[in-house]
Amino acid sequence: MAEVFLWGALRPSAGGAASVTIEAKSIRELFRKLEEQFPRMQPFIDEGISVSIDGVIYQDDWSQTLPEGSEIYLLPRIAGG
Amino acid sequence: MGKETPFTKREFKSVGTRPVRPDGIDKVTGRARYGADFDMPGQLVGLILRSPHAHASIKSIDTSKAEALPGVKSVITSKDFKDISKTDTELAEILENCMARKKVYYDGHAVAAVAAVDAKTARAALKLINVEYKLLKHVTDVDLAVANKAPVINRNCKTAGVDPAPTKASNISRRSEFGHGDVDKGFKKADVIIERNFRTEQSHQGYIEPHACVASVSPDGNGELWVCTQGHFVFRQQCAQMLGMDVAKLRVTSSEIGGGFGGKTHIWLEPVALALSRKANRPVKLVMTREEVFRASGPTSATSIDIKIGVTNDGIITAGEAELRYTSGPWGGSWAMLGAMTAFACYELENVKTVGLEVLVNRPKTTAYRAPSAPMAAFAVESMIDELAKKIGMDAVEMRIKNAAKEGTQSSYGPVYGPIGIGPTLEAAKNHPHMKAPLGENQGRGMACGFWFNFGGQSCTNLNIGIDGTATLTVGTIDVGGARASLSLVVAEELGIPYDKVKAVIGDTGSLGYNEMTDGSRGTFASSMSAIKSCRIAIEDMCARAAQIWDIPVDKVIWQDGHAHATGKNNNAPLSIAEIAATAEKTGGPIAGHAQIVADGAGVSFATHICDVEVDPETGSTRVVRYTVIQDAGKAVHPTYVEGQFQGGAAQGIGWALNEEYIYGEDGRLQNPGFLDYRIPVCSDLPMIDTQILEIPNPNHPYGIRGVGETSIVPPLAAIGNAVSNATGVRMTHVPMSPPRILDALEKHSEASDEEPAL
Amino acid sequence: MAMLVSTTINGDATDFSCEADETLLDALRNRLSMTGVKEGCGTGDCGACSITLDGALVCSCLVLGAEAQGRSIETVEGMSDGEKLHPLQQKFLEHAALQCGICTPGFLVAAKVLLEKNPNPTESEIRYALAGNLCRCTGYDKIVRAVQDAAAQMRRA
Ligand code: FES
Ligand code: FES
């Protein structure tokens, strides 16, 4: 079980919650379960979500594993110059 | 890759040295080829017709006269592109920006294009195109665009990120929110609270090389594109989709790039050139004029930021709150979102809330500019911190140190930080001799901090070992300022061979897998990670070859100092790369290492800048007299080019802070589309820019490398604002702090000084 | 109507044809493939197109091709002496005075003119002499240092 924190814009799709609890071992599984449980997150996931695992930001690279007890934070996909 | 090859505190031989860059000679002798320096046989000259109006619907376009002009080979309008708005809205908007469909949204928006045998004929043809417009009400100002009676720019735009979803169209395309804690509670604990509005004007990246490309499309669906870009793989993808071409059949070659800073991450004229070429069945060269660059490419957001910060008397920030409104041009973007994420990122706050609003206006589509959106937010936050420090009688550096984020701090945008460098840059600033240097009359000193994320992303590299033992590294990320030197150093380090035995080249889109742009400070970070992996694959192979040569098991071979060594009891002399390569034909063919990765874990970056300015009270004109940049670079691969990034970003920030702005008239037309009136800093405007590189290794990179390119543009607006305020006693809240704005502020201040105490 | 123009470019007698309203910059780049001369603005504001005309520093985008008749032109392409780089070129490389390098040809030509007139310029003289050349990448710091260092070397030579 991991507590997954949501950034502001994602919260309405989880009924306003700032975090949700999900059982997932990889980013792939995390997104699949989020889609199942919170269908309104779909457009955000399609647009691209970055996942911060213990402060290190990963793009939605599915193979990335989520270590037990890690801090997981979802962030919008960002662009640079 | 991050997890398998954690950072080790290794001693470097090549990395960290300062050799001459491999592409340097071509650039000092005039041989290097940039976007406009390339020709194809039989090429035509392309030109684009642009809207003189800020907002209008296109009733009709008559191109028949232009088409009939002798020497004109093709004329195109939006009709020559398939309507993709139903299948891919995001790409459709990019295409609509390249060629207006039903409406023009800004002064300079492309409406038609011609290709002709020479420039003279093309110019004449443009004049023969007749466009009938119906003028619409326009809005260019960020705050007017969100006001009640503002003309709605796009009827389909409903604010995203609001629950429940609004039904009425508005000029706010998206609302995003970040933060944690409870700001109301936080403000109750504060002894002093300040609330202000800050504004920054729109600036342009100002690269000296205008956009340019040469396109050639043949009737069999194959195409070639030579272009100055920060990401040829991305350009290929987007252009192919827009033109309905197979991605594999469009080969894009990147030219040398004459500056980009984010501005060359977006396409503008490339699909137009390709469409002109396809229609004419001839190559077409399209080069923007400087005026077109300003009117139709680039700029950053204009912003208006409402901010409120509370502190206790002993300097602890109890709450920070901001609403950030950023223009995004006629289409939505995520610029305010980036501002909202970065605004308070330097500090450890118990209670913080930021809201970003993306605002549509009749200005060119906003584009990334070096740490996009962060400088404006930092201007607001860092100006306030200085003001608050003064109010409670605390030293501004001390107050920042007290509140600085550290390892374990929850960032204002969410995640908890790993090892970060804000504290060390502040300590370095505090102890820097610059801080203690005396100031002259009318001079003031200011400082400010800045933050940027840095990115990783997809990268792909090829390493090929020549039969003489030299190495060619092919990368797919553009070299914007010395990357070939840095990557050659990394390969030299990893293989254990001299720097001058490595040649780094930028491959075209036919030679490598997909690579993301050189943006987000990712070029050296991500490509070096991939290059290291390429090297390690080749090394493994070379160890196997050595085992074959020696006829011993492969696990008895180790790699050290550029040589394969046999372990155990035998007296095989070590084999160099050249020796192994010489026998490649017999041991399995060419030696190579191909790697593709998603380079994650770029590692955030922080900077602290110190600056001294002198303000002329008569004219309001401001000179920067001393400037110091202190930034965390992770391991600095080529320190001279790291310094160059620090200095260049600071200079751009100084220009933005003091002079650079888009000026629109009542008619919504840009009034200063040229370097004469949009004045970037010249040599005589600036002092030497001192730098101090801090090397706080990035634990996610095998060499500890972080991105370094962008953070340096973040602090200058606020550092200069604070310096001006310390010189004059007036708080500046509007960037650029041009002479008229400073004079105005000085006058208002002297009028009000009887009632209000000075800052 | 195209016209024929006879000039000396980097020491070589060179003829080219150009239109009456064609700039020298366009003629050099498009007719003679001398693409070391860059165009950043076309309006005399950036200095990327700097060349010398009979020894005087000019923006070639502000000169007509026809005006070059009978005159001597020097560009970045003529700066090195065979294999040997001009000290300015060498010092620009050593000091990393270029990032993207688009401004470099103009700076080199302008700096060469400066050092011919003033072999020992102060920092501020260098800054004012190069104020007509825009660089967006470097913040000028390393450019000024490269010019100082080249000047010192040339004085020793
Ligand atoms: S191109 Fe001549 S000065 Fe800019
Ligand atoms: S090095 Fe890029 S403009 Fe000067």
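Residues are listed down the side, and each one gets a yes or a no for (1) farther than 28 Å from A:L10 by Cβ; (2) in a loop (DSSP other than H, G, I, E, B):
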{"residue": "B:V355", "(1), (2)": "no, no"}
{"residue": "B:D386", "(1), (2)": "yes, no"}
{"residue": "B:G393", "(1), (2)": "yes, yes"}
{"residue": "B:E407", "(1), (2)": "no, yes"}
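Can you tell which of C:E94, C:E77 is of a type in the set (D, E), closer than 19 Å to C:D26 by Cβ and away from ligand 1 (no atom under 16 Å from the Cβ)? None of the others qualify; the one that does is C:E77.
Scanning the stretch C:97-109 for residues that are within 16 Å of ligand 1 (Cβ to nearest atom) and of a type in the set (G, A, S) turns up C:G101, C:G106.
For the structure I just gave you, tell me whether B:I720 is touching a Leu at 6+ places or on another chain (Cβ under 7 Å) and in a helix (DSSP H, G or I). The answer is yes for B:I720. When you scan the stretch C:35-65, how many residues do you find that are closer than 18 Å to B:G30 by Cβ and of a type outside the set (A, V, I, L, M)? Number satisfying all stated conditions: 13.
Within the group B:R522, B:R545, which residue is among the basic types (K, R) and within 14 Å of chain A (Cβ to nearest Cβ)?
B:R522 is the lone residue from the list that is among the basic types (K, R) and within 14 Å of chain A (Cβ to nearest Cβ).
Residues satisfying the criterion are absent from the stretch B:440-450 (criterion: within 20 Å of the chain's Cα centre (by Cα), more than 22 Å from B:A32 (Cβ to Cβ) and assigned to a loop (DSSP other than H, G, I, E, B)).
How about the stretch B:629-664: which of its residues are more than 14 Å from B:F606 (Cα to Cα) and among the aromatic types (F, W, Y)? Of everything in the stretch B:629-664, those that are more than 14 Å from B:F606 (Cα to Cα) and among the aromatic types (F, W, Y) turn out to be B:Y641, B:W656, B:Y662, B:Y664. For the stretch C:130-157, a residue qualifies if it is away from ligand 2 (no atom under 13 Å from the Cβ) and either within 20 Å of C:C100 (Cβ to Cβ) or among the small types (G, A, S) (or both), and the qualifying residues are C:A131, C:G132, C:R145, C:V147, C:A150, C:A151, C:A152, C:A157. Filtering the stretch C:85-115 to residues that are without any contact (Cβ under 8 Å) to a residue 24 or more places away in the chain and either surrounded by fewer than 17 Cβ atoms within 10 Å (Cβ to Cβ) or away from ligand 2 (no atom under 16 Å from the Cβ) (or both) leaves only C:L85. Once the stretch C:35-58 is narrowed to residues that are farther than 17 Å from C:R136 by Cβ and either in the same structural domain as C:R127 (by TED's automatic domain parsing) or buried (at least 24 other Cβ atoms within 10 Å of the Cβ) (or both), the residue that is farthest from ligand 1 (Cβ to nearest atom) is C:G36. Restricting B:G244, B:G262 to residues that are touching a residue at least 40 places away in the same chain (Cβ under 8 Å) and within 14 Å of another protein chain (Cβ to nearest Cβ) narrows the list to B:G262.
Table: residues versus (1) within 14 Å of chain C (Cβ to nearest Cβ); (2) closer than 30 Å to B:S521 by Cβ.
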position	(1), (2)
B:P553	no, no
B:A581	no, no
B:I591	no, no
B:A602	no, yes
B:V637	yes, yes
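Checking C:D26, C:D15 one by one, the residue that is more than 13 Å from ligand 1 (Cβ to nearest atom) and outside the structural domain of C:L130 (by TED's automatic domain parsing) is C:D15 and no other. Quick one: would you say B:V227 is buried (at least 22 other Cβ atoms within 10 Å of the Cβ), within 16 Å of ligand 1 (Cβ to nearest atom), in contact (Cβ under 8 Å) with a residue 40 or more places away in the chain and within 27 Å of the chain's Cα centre (by Cα)? No: the conditions fail for B:V227. Is it the case that B:E660 is touching a Pro at 6+ places or on another chain (Cβ under 8 Å), at pLDDT 95 or above and under 18 Å from B:I713 (Cα atoms)? So B:E660 passes the test.
With respect to B:I680, determine if the residue is within 14 Å of chain C (Cβ to nearest Cβ), assigned to a loop (DSSP other than H, G, I, E, B), within 16 Å of ligand 2 (Cβ to nearest atom) and at pLDDT 95 or above.
Taking the combined requirement at face value, the residue satisfies it.
Go through B:S78, B:S57 for me and flag whichever is over 30 Å from C:G78 (Cα atoms), away from chain C (no Cβ under 11 Å), in contact with a Lys or Arg (Cβ under 7 Å, 6 or more places away or on another chain) and free of Cβ contacts under 8 Å to residues at least 40 places away in the same chain. Result: B:S78 is the single residue among B:S78, B:S57 that is over 30 Å from C:G78 (Cα atoms), away from chain C (no Cβ under 11 Å), in contact with a Lys or Arg (Cβ under 7 Å, 6 or more places away or on another chain) and free of Cβ contacts under 8 Å to residues at least 40 places away in the same chain. A single entry from C:G82, C:G70, C:G65 fulfils the requirement of being more than 10 Å from chain B (Cβ to nearest Cβ), buried (at least 21 other Cβ atoms within 10 Å of the Cβ) and more than 24 Å from B:Q647 (Cα to Cα): C:G65.
So that you can scan it fast, the table gives a plain yes or no per residue for (1) at the interface with chain B (Cβ under 8 Å from one of its Cβ atoms); (2) surrounded by 15 or more Cβ atoms within 10 Å (Cβ to Cβ):
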position: A:A2; (1), (2): no, yes
position: A:E23; (1), (2): no, no
position: A:E29; (1), (2): no, yes
position: A:L34; (1), (2): no, yes
position: A:G48; (1), (2): no, no
position: A:S52; (1), (2): yes, yes
position: A:E68; (1), (2): no, no
position: A:Y73; (1), (2): yes, yes
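Residues that are within 16 Å of ligand 1 (Cβ to nearest atom) and in a helix (DSSP H, G or I) within the stretch C:124-143 comprise just one, C:A129. Scanning the stretch B:332-377 for residues that are among the aliphatic types (A, V, I, L, M) and either at the interface with another protein chain (Cβ under 10 Å from one of its Cβ atoms) or touching a Lys or Arg at 6+ places or on another chain (Cβ under 6 Å) (or both) returns B:M337, B:L338, B:A340, B:M341, B:V355, B:L357, B:V359, B:A368, B:A371, B:A374.
So, A:R40, is that one more than 9 Å from chain B (Cβ to nearest Cβ), in contact (Cβ under 8 Å) with a residue 24 or more places away in the chain and surrounded by fewer than 20 Cβ atoms within 10 Å (Cβ to Cβ) or not? It is true that A:R40 is more than 9 Å from chain B (Cβ to nearest Cβ), in contact (Cβ under 8 Å) with a residue 24 or more places away in the chain and surrounded by fewer than 20 Cβ atoms within 10 Å (Cβ to Cβ). State the number of residues belonging to the stretch B:295-305 that are farther than 23 Å from B:R325 by Cβ and within 12 Å of another protein chain (Cβ to nearest Cβ). Residues that pass the stated criteria total 0.
Quick check: anything in the stretch A:32-54 over 10 Å from the mean Cα position of the chain (by Cα), hydroxyl-bearing (S, T, Y) and on the phi < 0 side of the Ramachandran plot? The answer is no, given that none of the residues of the stretch A:32-54 is over 10 Å from the mean Cα position of the chain (by Cα), hydroxyl-bearing (S, T, Y) and on the phi < 0 side of the Ramachandran plot. Taking first residues from the stretch C:22-39 that are without any contact (Cβ under 8 Å) to a residue 24 or more places away in the chain and partners that are within 16 Å of ligand 2 (Cβ to nearest atom) and assigned to a helix (DSSP H, G or I), the Cβ contacts under 6 Å between residues at least 6 apart in sequence or on separate chains come to C:T35/B:D37. When you look at C:A146, is it more than 16 Å from ligand 1 (Cβ to nearest atom), crowded, with 20+ Cβ neighbours inside 10 Å, assigned to a helix (DSSP H, G or I) and more than 7 Å from every other protein chain (Cβ to nearest Cβ), yes or no? It is true that C:A146 is more than 16 Å from ligand 1 (Cβ to nearest atom), crowded, with 20+ Cβ neighbours inside 10 Å, assigned to a helix (DSSP H, G or I) and more than 7 Å from every other protein chain (Cβ to nearest Cβ).
The values are calculated or read from the model by the stated rules, or taken from the named source; none is laboratory data. Computed from a predicted model, the values in this text were never measured in an experiment. Note: ideal-geometry Cβ built from the backbone for every residue, glycine included; neighbour counts use all protein chains shown.
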